[in-house]
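Worksheet for the structure shown next.
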Amino acid sequence: MTRIAAVSGSRSADSTTRAALRVALDAAADAGADTDLIDLAAADLPLYHPEEDAQGDSEELKRRVREADGVLAGTPVYRGSYSSTFKNFHDFCGSDEYANTAVGLLATAGGGSYGGTLEHLRSTFRNVHAWTVPHEVGIQGASSKVETVAASPDGEPRITDEDLRGRTERLGRVVVEHAERMRE
Ligand SMILES: Cc1cc2nc3c(=O)[nH]c(=O)nc-3n(C[C@H](O)[C@H](O)[C@H](O)COP(=O)(O)O)c2cc1C
């Protein structure tokens, strides 16, 4: 079965990024994939050190990425780029983890600007030989459009904006489609 992992690069306890990724991951599951959420807020991942082979949960997290056929990469916009939490995870994982992996990109912004963040993700994923899909999702004013686990009446995260919800679900499906093609 095709396996899709989502990596959430926010350390917020009630993260809009994680909530939006869950929407994409649910769409991937509906498309028939096995899914896995890697929540970096819950991981023990010290700052990458080039002279240390393994630190904290790094080996387990790398294995989960290696085993995935597709990855949904999500980050909050921080200073016009992606978060240091995501960058730290990025430094642990290389082409051993990402070669032949389809990757879909998602960014949540407080304001309106996510273009640089998605471009930075795209260029750094190229560097680890991942296949980023052309479809991508940027969410402006995320706190008013994403209902997080704590905000949702039934504890199920949602995207309240219909167009954005559709784009996010499509991201999940597109990553499954590309991951399946790459397995053939
Ligand atoms: C350190 C920091 C830097 C930020 N920089 C930006 C920014 O450059 N542009 C923007 O639109 N929002 C910025 N934000 C807002 C976050 O992108 C926004 O709140 C995001 O949805 C948070 O995601 P989360 O709920 O998953 O943590 C920043 C927030 C923080 C904490």
**Report entry** Options Gly111, Ala43, Ala73, ranked by Cα towards positive dipole end of the stretch 3-183, top entry (Cβ charges)
**Finding:** Gly111
Query raised in the report: Which distance in Å, rounded to a whole number, links the C-alpha centroids of the stretch 9-56 and the stretch 141-184?
Result: 14
Query raised in the report: Using a Gaussian network model of the chain with C-alpha springs under 10 Å, which one of Val137, Val128, Val65 is most mobile by mean-square fluctuation?
Result: Val128
Query raised in the report: Once phi is turned into ³J(HN,Hα) by the Karplus curve 6.51 cos²θ - 1.76 cosθ + 1.60 with θ = phi - 60°, what whole-Hz value does each residue of the stretch 84-99 show in order, with x for glycine and proline?
Result: 5, 4, 5, 4, 4, 5, 4, 5, 6, 9, x, 5, 4, 7, 9, 4
Query raised in the report: Got the relative contact order for the stretch 3-183 handy, in percent, Cα pairs under 8 Å and 6 or more residues apart?
Result: 28
Requested in this report: Return the percentage of antiparallel bridges among DSSP beta bridges fully within the chain, rounded to the nearest 5 %.
Outcome: 15
Query - Candidates Asn100, Asn127, Asn88, ranked by Gaussian network fluctuation over the chain, Cα under 10 Å, top entry - result: Asn127
**Report entry** Sparse-neighbourhood loop sites, GluC sites (Glu not before Pro) in the stretch 1-62 - DSSP loop, at most 16 other Cβ within 10 angstrom
**Finding:** Glu51, Glu52
Query - Cα convex hull of the stretch 3-183, projected area averaged across orientations, nm² - result: 9.4
Query raised in the report: For Gly111, what charge total do you get from the other residues with a beta carbon under 15 Å from its beta carbon, if Lys and Arg give +1 and Asp and Glu give -1?
Result: +2
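Where a number appears in this text, it was derived from the coordinates with a stated rule and is not lab data. Every value quoted in this text rests on a predicted model; they were computed, and no experiment measured them. Positions of Cβ are backbone-derived with ideal geometry, glycine not excepted, and every protein chain shown enters the neighbour counts.
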